[in-house]
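Before any comments, here is the structure.
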Amino acid sequence: FIELDRRGQDDYVNYNSMENKEVEEYIEEFGFVKANGSISDVKIFTESSDIPHVNLSTGYYYEHTSKEILKIDEYDIIKERLINILVDPPTFNVKASEGKSKYGSYKNLHPIFWSEKYLKGNLESMKLNNTENALLSYGGGVDVNYHVSKRWSIQSGLYFSRIGQVNNDALNFKQENDEYLLYSINTSTGDINIAFEKVPNDIRKINPQKDTIGAVDIGNVKIIQNFDLFEVPVMIKYSVLNKRFGIDLSGGLSPAYVVNNNTYLEVDNNKHDIGSSENLNPIIVNTTFALGLNYGITKKLTINFEPTFKYSLSPINKNSEFYYHPYYFSWYTGIRYNF
């Protein structure tokens, strides 16, 4: 149904709560722009027949007053648009009840392109910033969106992600007679709970006099730490552009459960699982900000790209000389299905 009872030149209004995206895209092809309205007679026809409707501008202004006018030039533009609509009618067959669902589900994969940490502690933290570097990581998950209104929605879900770092100067030795014995490994997260039997012998014990030939260069030994996080975000999302190509802004909190952590010693391209960090908090709270770019493939399927920034409000470690707050940038990519 097309009703001609709207002020201005470019407006179109849909009064039905179940707006239909195909109808909107079709009308917008002729130069009309979506606006908000209260109620009109055409809504009654839609409710009784389940046929979508729009109410279009007709060029009048100051309606229902003694100053009401009709701008003929705008009226002529609208008349040409209506002729084009009649010449090129829609080829799809939809019902008003087949509009947008309040629910949508995403399946996402996200490489973590950049990861760092903020160390809160004494001057020794400056040294750690110079000897530690973030690892390229990854993650994935499923989330669910509930549309409160056309532009506002609430998002939650389940996500797994892995972050990590590598340290080039974490080994500590003590001298006993003519030998140097490895006794601890320290990173910005704190002490490592070492399984000494898994550390290679030529690193666990160094004899400078005997090991001058073929000795391991301690400067090339790396300590690699991985932290596996299980997240349950609670986000508020606002739709800036709600068309076939859409833009969203979102932000909120994302509690993350530390479900696993591993520490590896790498030397000569060989990795040895030597233990784990012993003083991690079981839960950290991330604050999250994201820019969503969406493209509708079909009425039900949408592909999305979402650059995201996260910062941990609470440290990942406890009872340490330093407090480790990870923050990272990632790129979420996935498919949304509208129920």
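The values are calculated or read from the model by the stated rules, or taken from the named source; none is laboratory data. The structure presented is a predicted model; accordingly, all values stated were derived computationally and were not measured. Note that we place each Cβ from the backbone using ideal geometry, even for glycine, and neighbour counts take in every protein chain shown.
Please tell me if residue 295 is loosely packed, with under 14 Cβ neighbours inside 10 Å and in contact (Cβ under 8 Å) with a residue 40 or more places away in the chain.
Yes: the conditions hold for residue 295.
Restricting attention to segment 313-339, which residues are small (Gly, Ala, Ser) and assigned to a strand (DSSP E or B)? Write out each step before concluding.
We begin by selecting, within segment 313-339, every residue small (Gly, Ala, Ser); these are 314, 320, 330, 334.
Once the filter is applied, which keeps residues that are small (Gly, Ala, Ser) and assigned to a strand (DSSP E or B), segment 313-339 yields 330, 334.
When you scan segment 1-58 for strands (runs of 3 or more DSSP E) that lie fully inside it, which ones turn up with 3 or more residues that are buried (at least 20 other Cβ atoms within 10 Å of the Cβ) and out of contact with any Pro (no Cβ under 7 Å at 6 or more places or on another chain)? Can you show your working first?
Details: elements: 2-6, 11-13, 54-57.
The qualifying strands (runs of 3 or more DSSP E) are 54-57.
Restricting to segment 59-72, and then to whatever is loosely packed, with under 14 Cβ neighbours inside 10 Å and assigned to a loop (DSSP other than H, G, I, E, B), can you tell me which residue is modelled with the lowest pLDDT? Steps first, please.
Filtering segment 59-72 down to residues loosely packed, with under 14 Cβ neighbours inside 10 Å leaves 62-70, 72.
Next cut, assigned to a loop (DSSP other than H, G, I, E, B) only: 62-68.
Working: 62: 89, 63: 86, 64: 83, 65: 88, 66: 89, 67: 90, 68: 91.
Residue satisfying both the conditions and the ranking: 64.
Between a residue in segment 48-59 that is over 14 Å from residue 15 (Cβ atoms) and in contact (Cβ under 8 Å) with a residue 12 or more places away in the chain and any residue that is crowded, with 20+ Cβ neighbours inside 10 Å and among the charged types (D, E, K, R), which pairs come within a Cβ distance under 6 Å, given they are 6 or more apart or on different chains?
Final answer for the pair search is 57/6.
Taking segment 257-279, which residues are closer than 21 Å to residue 230 by Cα and charged (D, E, K, R)?
278
Taking segment 289-312, which residues are in a loop (DSSP other than H, G, I, E, B) and of a type in the set (D, E, K, R)? Give the derivation first.
Going through segment 289-312, the residues in a loop (DSSP other than H, G, I, E, B) turn out to be 297-300.
Scanning segment 289-312 gives 299, 300.
Those residues that are under 30 Å from residue 221 (Cα atoms) and either modelled with pLDDT of 65 or more or in contact with a strand residue (DSSP E or B) (Cβ under 6 Å, 6 or more places away or on another chain) (or both), I need them from segment 129-148; list them, please. Before the answer, list the steps.
Step one: filter segment 129-148 for residues under 30 Å from residue 221 (Cα atoms), giving 129-139.
Result: 130, 131, 132, 133, 134, 135, 136, 137, 138, 139.
Could you grab the pairs with beta carbons closer than 8 Å, sequence gap of 6+ or different chains, first residue in segment 299-316 and over 14 Å from residue 328 (Cβ atoms), second one of a type in the set (Asp, Glu) and outside any strand (DSSP E or B)?
299/22; 299/98
Okay, residues lined up against (1) at pLDDT 90 or above; (2) closer than 23 Å to residue 148 by Cβ:
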{"site": "17", "(1), (2)": "no, yes"}
{"site": "34", "(1), (2)": "no, yes"}
{"site": "49", "(1), (2)": "no, no"}
{"site": "55", "(1), (2)": "no, no"}
{"site": "76", "(1), (2)": "yes, no"}
{"site": "84", "(1), (2)": "no, no"}
{"site": "93", "(1), (2)": "no, no"}
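May I ask you to list the residues in segment 262-288 that are closer than 15 Å to residue 315 by Cα, in a strand (DSSP E or B) and among the polar types (S, T, N, Q)? Spell out how you get there, then give the answer.
Here is the first cut: in segment 262-288, the residues closer than 15 Å to residue 315 by Cα are 277-287.
Still in the list and also in a strand (DSSP E or B): 277, 280, 283-287.
Result: 277, 286, 287.
Can you say whether residue 265 is over 26 Å from residue 151 (Cβ atoms) and either out of contact with any Cys (no Cβ under 9 Å at 6 or more places or on another chain) or in contact (Cβ under 8 Å) with a residue 12 or more places away in the chain (or both), as far as the supplied structure shows? First the steps, then the outcome.
Working: over 26 Å from residue 151 (Cβ atoms): yes; either out of contact with any Cys (no Cβ under 9 Å at 6 or more places or on another chain) or in contact (Cβ under 8 Å) with a residue 12 or more places away in the chain (or both): yes.
Yes, satisfied.
From the list 101, 115, which residue is closer than 30 Å to residue 221 by Cβ and either modelled with pLDDT under 85 or part of a loop (DSSP other than H, G, I, E, B) (or both)? Lay out the reasoning, then the answer.
Details: 101 fails: closer than 30 Å to residue 221 by Cβ.
Every option except 115 fails the conditions.
Report the residue count in segment 208-240 for those that are at pLDDT 85 or above and either of a type in the set (D, E, K, R) or loosely packed, with under 13 Cβ neighbours inside 10 Å (or both).
Initially, segment 208-240 is screened for residues at pLDDT 85 or above, giving 221-240.
Those still in the list that are either of a type in the set (D, E, K, R) or loosely packed, with under 13 Cβ neighbours inside 10 Å (or both) too: 222, 228, 231, 237, 240.
Number satisfying all stated conditions: 5.
Could you tell me which residue of segment 248-281 is surrounded by the fewest Cβ atoms within 10 Å (Cβ to Cβ), considering only residues that are out of contact with any His (no Cβ under 8 Å at 6 or more places or on another chain) and charged (D, E, K, R)? Spell out how you get there, then give the answer.
Narrowing segment 248-281 to residues out of contact with any His (no Cβ under 8 Å at 6 or more places or on another chain): 248-263, 267-281.
Those still in the list that are charged (D, E, K, R) too: 248, 268, 271, 273, 278.
On the way: 248: 21, 268: 9, 271: 11, 273: 12, 278: 15.
Selected residue: 268.
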